[in-house]
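Laboratory data are not the source of any read-out in this text; all were calculated from the coordinates shown. Because the structure is predicted, anything quoted here is derived from the model rather than measured. Ideal geometry is used to build each Cβ from the backbone, glycine not excepted, and the neighbour counts take in all protein chains shown.
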């Protein structure tokens with residue numbers, strides 16, 4: 001499960017449901033910046049428990065976090081692949 005197997009978690013939950021009857025629904029993990037996004041969404045359409053998808057947007061790397069972090073001073077790169085944040089005003 002993870003970026004190398006984007007539908008693995010959903011398939012595991014589907015198997016769990018087949019054995020136990022639970023859970024009844026799933027918000028499947030998705031990475032909206034994947035090159036194969038359409039294929040992953042198509043795979044999710046085939047799984048009856050998938051009701052929605054969830055995407056965790058990129059944030060400031062932990063190593064760059066400071067108590068003075070100001071999200072209003074951040075800009076995303078083209079395509080949103082990376083975020084650069086300034087800790088200084090201006």
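Points to keep in mind about this one:
- Sorted on the mean count of surrounding Cβ atoms within 10 Å across their residues, most packed first, peptides 4-11, 50-57 read 4-11, 50-57.
- Extension gain, residue 5 back to residue 46 (0.36 nm per residue minus Cα-Cα distance, nm): 13.2 nm
- Per residue, the average separation of C-alpha pairs within less than 8 Å and at least 6 apart gives region 1-56 a relative contact order of 39 percent.
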